Amino acid sequence: MSKGLVLIPTYNERENAELIIRKVMSLPRAFDLLIIDDGSPDGTAAIVRSLQAEFPDRLFLEERTGKQGLGTAYIHGFRWALARGYEYVFEMDADFSHNPDDLLRLYDACAVDGYDLAIGSRYIEGVNVVNWPMSRVLMSYFASWYVKLVTGMPVNDATAGFKCYTARVLRAIDLSKIHFVGYAFQIEMKWLAYKLGFRIKEVPIIFTDRTRGTSKMSSGIFQEALFGVLQMKISSWVHPVKPAATESTE
């Protein structure tokens, strides 16, 4: 079995599904791939199923009913990965905004350099975002600045969604108590890893906005992040972050 599992949540990603699967499967390091599909009405899951025979024991599909949110999809994937003994678990988008080639660099940051969490960072070497309108670039950049200011967490791209976790990080976080589902989910997971003392590495990447399919971004996601960060910080004063008890993986 591969030591690394890539998690890709999908909702209406018919235009990208086969392309992203084939790209991940073509990488020089063998990664397994789990697609978590939230009942896409466009037939995304059917495309994944059609490719499973071509990539037996490497391509997996979990189908959920209805659109339940990015955070819950990843938590489902984390538990699935831990139950099957994967050592490195990756988050990645389906739309090629994250370059699959960078999976190798995130893997090396953890498996070779010894970090516990590797983040594909848009803002560690300037601003490396392609095809976003300036308003969205500024919103994202200052959201990360705001998180850093409020929490003191030494991460330049707090909302990044391209990451590699070691299994020990996911086992230490109480996944049953994650509060958020959108951008704030990405912040909360980094915050918990930081508060638990894990070593975090930001790996510079170039983020390219999708060219196929429809963005799932909304103003509500940013609002969740804005108020969620304050909630996280205040909550940590009252209830200090502690390692999870034995976290169920099923």
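Quick look at the numbers
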{"read-out": "Efficiency of FRET between I206 and R84 - r from beta-carbon atoms, R0 22 angstrom, step 0.05", "value": "0.10"}
{"read-out": "Out-of-range pairs (alpha-carbon distance over 31 Å; input K3/K233; K3/K201; K201/K242; K3/K177; K23/K190)", "value": "K3/K233"}
{"read-out": "Percent RCO, i.e. relative contact order, over the range 2-93, from Cα pairs under 8 Å lying at least 6 residues apart", "value": "40 percent"}
{"read-out": "Point-charge dipole on Cβ atoms (K/R +1, D/E -1) for the range 1-83, about Cα centre, debye to 20", "value": "280 debye"}
{"read-out": "Of V24, A45, T10, farthest towards positive along the dipole that unit charges on Lys, Arg, Asp, Glu beta carbons give the range 1-55", "value": "V24"}
{"read-out": "Debye, to nearest 20: dipole size of the chain, +1 on Lys, Arg Cβ, -1 on Asp, Glu Cβ", "value": "540 debye"}
{"read-out": "Mean accessible surface per residue for the chain, computed with a 1.4 Å probe while every protein chain stays in place, in Å²", "value": "45 Å²"}
{"read-out": "Cross-link partners of K195 among aspartates and glutamates (Cα-Cα below 17 Å; sequence separation of 8 or more within a chain)", "value": "D116, D157, D174"}
{"read-out": "Percent accessible area from carbon and sulfur atoms, the chain, protein chains only, probe 1.4 Å", "value": "54 percent"}
{"read-out": "Mean projected area in nm² (Cα convex hull; one quarter of hull surface) for the range 120-189", "value": "5.4 nm²"}
{"read-out": "Label-to-label distance, nm, for residues given as K177 and D101 (7 Å Cα→Cβ offset)", "value": "4.2 nm"}
{"read-out": "Antiparallel bridge percentage (DSSP; both residues within the chain; nearest 5)", "value": "25 percent"}
{"read-out": "Calculated [θ] (222 nm, deg cm²/dmol) that DSSP helices of n ≥ 4 give over the chain, each run adding -39,500 (n - 2.57)", "value": "-12500 deg cm²/dmol"}
{"read-out": "Which of S26, S236 is most accessible, then next, and so on - probe 1.4 Å", "value": "S26, S236"}
{"read-out": "Two-site label geometry, L196 and F55: point separation in nm, points 7 Å out along Cα→Cβ", "value": "2.7 nm"}
{"read-out": "Cα shape, the range 1-95, gyration tensor, a/c 1.5 rule", "value": "oblate"}
{"read-out": "Sites K3 and L138 - FRET efficiency at Förster radius 51 Å, r taken between beta-carbons, to 0.05", "value": "0.85"}
{"read-out": "For the chain, the Rg and Dmax computed from alpha carbons only, in angstrom", "value": "17.0, 51"}
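The values are calculated or read from the model by the stated rules, or taken from the named source; none is laboratory data. What you are looking at is a predicted structure, and each value in this text was computed from that prediction instead of being measured. Ideal geometry is used to build each Cβ from the backbone, glycine not excepted, and the neighbour counts take in all protein chains shown. Just so you know, the surface numbers come from the protein's heavy atoms only, side chains and all, with ligands and any DNA or RNA stripped out. Shrake-Rupley method; radii C 1.70, N 1.55, O 1.52, S 1.80 Å.
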